[in-house]
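First comes the structure, then the notes that go with it.
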Amino acid sequence: MIIFILITHISAQCSHPIFCQGDILHTVQTQKIFNDGKTFVDMTMKKTETEILNVWKTIDTKNKEQVTAFVADNFIEAGSDLESIRPSDYKEKPDYVDNIKVEELKDWSLEINKIWLELCKEFKKGIEDSTSILYVPNPFFVPGGRFREFYYWDTMWVIDGLIISKMFESAIKMQENFVYTINKLGYIPNGARIYYKGRTQPPVLAQITYNIYQGLIQDGQEERAKQFIINSFGAVEKEFQYFYEHRSIRACLIFQNVYCDVMLYHYDSDIYYPRPESYNEDISIGHANIHMYHEITAGAESGWDFSTRWFADQKSLESIQTSYILSVDLNTFMIINMKRLASFSKVLGLQAKQTFYDTLSKNTEEILLDKFYNKETYQWNDYNYKDKKFNKNFYASNYFPLNLKSKSDSNLIENLKQMIQQYPGGIPTSIFNTGQQWDLPNSWPPLNQMIIQGLINNDQKELALQLSQNVINNAYCCFQKSITQYGKGYMFEKYNAASVGTSGGGGEYEVQTGFGWTNGVVIWILNTFGQQLLLPTCPQQI
Ligand SMILES: OC[C@H]1O[C@H](O[C@H]2O[C@H](CO)[C@@H](O)[C@H](O)[C@H]2O)[C@H](O)[C@@H](O)[C@@H]1O
């Protein structure tokens, strides 16, 4: 059994002798040849692996000048393995724009629409063996900035925006990349680079598939929609199986011998070495402690890299223990996946499977909604199964179950209302200001979208609109401000919850622009509340 687990782990890892392991990686990263560790691992090799490894043997690796020259002589700049392409179904003016009442927001939405042209990429042909790319057959949309490749969970919000813009070809092609990857690897890695192997991200393929299916139905393409489910079902099920087998714990081990047939889920990873793209950050914290590297990569799998949510002492990354936490968001995503699998089974006439996934979703939902709900703080809380404790602190993910069949009580809504009033720039990630990017003061568009959708599901449209307006205010004012500052309007990956017109910060890298999921979320809000949204009032300095 132990041997089997070890073999599974080793095969899941990336063993590339330059981009994932070895002396070259160690030296280039620790000598800080580049400010951002991701730059080196995104470069293209000018020669074969063997030739480069042979050249390496001839230089003085302690001499930074020689190492710098070695990199310049043997590698081409980061990102040269990608090409920008124009999406075949790009529309200058998508239909939804006509439904936006305020003229300025309408103009802004057209500007955002143009950004799709900057974010659509494909890998150059024939370079698979020279770079760290994880090959996929179709074009894709990237987040932007240092994120030159697609990211798993980001893609859900990107696709939401594409569906609203009726860019079905683009959306389907990206989903097909995921189906291709699952059929090859059994799971979808964190992002489209080999160094992201061994960890995935929040599992959203079933929801992506469902959203595209619904979009096609609403567009009157019933036959195509059904065929799409036929093509996707196997891969969606395979991914569900992956989490069921590799990321779960039997519920009865935690809740007094009840629910023995139900699993609860936690983020984890198959990696026991420093992240190649954040090599220095990890060795300076991990000091060769492979358990810590494992927990750090599990944190990256959660998409919340990093946050006090995963820290035992709620303060420092050194205390990270991601894999011990049964998290509210992951369990919500898994229940949604079960529900989607049940409805796909229905479309395909697979009655036994439909009953299986229906029953599983009901049982898992019952545990999450009931046992994880804190009747004093009126939120669902993460559970640490090592310490046998719930984390009672505020995290935006505590409200994700509003997307399920929750019956939110009035206290929960009142709490959320206060947060929305207190933070004009969107719901904050947490209330701890630690310098980590998934903490205060950052407000992330995808988390806000999940809460807005949850509020809509719970008949709280007015509150959903208020939060939507806050998100729009911040993104719109930051966009205008960047025009003044840099002569170009930018969408940011994250914003500051405490003030309008300020982007987010903190974490391991500079705040990035682009930005895939922000564009998707903003388009989704403009489409949902286009008639009600007001023109943002931006602070004077803008
Ligand atoms: O390079 C550091 C980390 O960067 C990524 O994480 C962040 O950006 C992603 C793309 O937008 C996003 O999906 C993630 O939620 C962010 O925290 C990457 O995913 C990490 O694995 C990587 O270590």
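If you take the square roots of the eigenvalues of the alpha-carbon gyration tensor of region 165-275 and sort them as a ≥ b ≥ c, do you get rounded (a/c under 1.5), prolate (a/b over b/c) or oblate?
Numbers: a/c = 2.82, a/b = 1.48, b/c = 1.91.
Since a/c reaches 1.5 but b/c is at least a/b, the shape of region 165-275 is classed as oblate.
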(message) I'd like the carbon and sulfur percentage of the solvent accessible area for region 473-542, probe radius 1.4 Å, heavy atoms only, ligands and nucleic acids excluded.
(response) 48
(request) Can you tell me the FRET efficiency between VAL55 and ASP89 if r is taken as the Cβ-Cβ distance and R0 is 56 Å, rounded to the nearest 0.05? (result) 0.80
(message) Could you give each residue of region 79-89 its phi-based ³J(HN,Hα) in whole Hz, using Karplus coefficients 6.51, -1.76, 1.60 with θ = phi - 60°, and x for Gly or Pro?
(response) x, 6, 8, 10, 10, 7, 9, 8, x, 4, 9
(request) Mind checking which of ASN63, ILE33, LEU134 is farthest towards the positive end of region 23-143's charge dipole, using Cβ charges of +1 (Lys, Arg) and -1 (Asp, Glu) about the Cα centre? (result) ASN63
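What length, rounded to one decimal in nm, is gained on full extension from ASP73 through to ASP459, with 0.36 nm per residue of separation minus their alpha-carbon distance? Spell out each step's value before the answer.
Numbers: separation 386, 0.36 × 386 = 138.96 nm, distance 6.10 nm.
Going from the current span to full extension adds 132.9 nm.
Is the shape of region 422-542 rounded, prolate or oblate, going by the alpha carbon gyration tensor and its root eigenvalues a ≥ b ≥ c, with a/c under 1.5 for rounded and a/b larger than b/c for prolate?
Numbers: a/c = 1.69, a/b = 1.20, b/c = 1.41.
Note, shape of region 422-542 comes out oblate.
Could you give the accessible area per residue of the chain, probe 1.4 Å, as a whole number in Å²?
On the way: 21360 Å² over 542 residues.
Accessible surface, normalised per residue, equals 39 Å².
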(request) Please report, as a whole percent, how much of the solvent-accessible surface of region 183-298 comes from carbon and sulfur atoms (probe radius 1.4 Å). (result) 50
(message) I want to check the label-to-label distance for LYS392 and GLN314. Put each point 7 Å from Cα in the C-beta direction and report it in nm to one decimal.
(response) 0.9
(request) Compute the distance in nm between two label points, each set 7 Å from the Cα along the Cα-to-Cβ direction, one at LYS64 and one at THR48. (result) 3.5
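Share of Cα-Cα pairs in the chain beyond 38 Å, in percent?
26
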(message) Let's test the formula: R0 of 25 Å, r as the Cβ-Cβ distance of GLU122 and GLU510. What FRET efficiency results, to the nearest 0.05?
(response) 0.45
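Rounded to the nearest 500 deg cm²/dmol, what is the calculated helix-only ellipticity per residue at 222 nm for the chain, with -39500 (n - 2.57) per DSSP H run of length n ≥ 4? Let's see the in-between values first.
Numbers: 18 runs with 255 residues, N = 542.
Helix contribution divided over all residues of the chain: -15000 deg cm²/dmol.
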(message) Compute the distance from the alpha-carbon center of region 398-420 to that of region 521-542, in whole Å.
(response) 23
(request) Would you list the membrane-span-like helices of the chain, meaning whole DSSP H runs whose alpha-carbon atoms span at least 24 Å along their axis and whose mean Kyte-Doolittle value is at least 0.5? (result) 328-347
(request) Using a 1.4 Å probe over the heavy atoms of the protein chains, calculate the carbon and sulfur portion of the accessible area of region 56-153 as a whole percent. (result) 47
(message) Of GLN351, LEU368, GLY303, which is farthest towards the positive pole of region 299-368's charge dipole, taken about the Cα centre with +1 and -1 on the beta-carbons of Lys, Arg and Asp, Glu respectively?
(response) GLN351
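Looking at the square roots a ≥ b ≥ c of the eigenvalues of the Cα gyration tensor of region 129-184, which shape do they give, rounded for a/c under 1.5, prolate if a/b is larger than b/c, or oblate?
On the way: a/c = 2.16, a/b = 1.38, b/c = 1.57.
In terms of gyration-tensor shape, oblate.
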(request) Calculate, in nm to one decimal, what HIS26 and ILE249 gain on full extension: separation in residues at 0.36 nm each, minus their alpha carbon distance. (result) 76.7 nm
(message) Solvent-accessible area of HIS291, probe 1.4 Å, all protein chains present, reported in Å² to the nearest ten, please.
(response) 90
(message) If I take R0 = 41 Å and measure r between the Cβ atoms of GLN351 and LYS407 in this structure, what FRET efficiency does the formula 1/(1 + (r/R0)^6) give, to the nearest 0.05?
(response) 0.90
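For the chain, which longest stretch is free of loop sites, where a loop site is one of the GluC sites (Glu not before Pro) that DSSP puts outside H, G, I, E and B and that has at most 13 other Cβ atoms within 10 Å? Intermediate values should be presented prior to the final figure.
Working: sites that count: GLU77, GLU92, GLU376, GLU510.
Counting at most 13 other Cβ atoms within 10 Å as exposed, the longest clean stretch of the chain is 93-375.
The values are calculated or read from the model by the stated rules, or taken from the named source; none is laboratory data. What you see is a predicted model; the values in this text were computed from it and never measured. For neighbour counting, all protein chains shown are included, and Cβ atoms are generated from backbone atoms with ideal geometry for every residue, glycine included. In case anyone asks, the SASA skips ligands and DNA or RNA and just uses the protein heavy atoms, side chains included. Shrake-Rupley method; radii C 1.70, N 1.55, O 1.52, S 1.80 Å.
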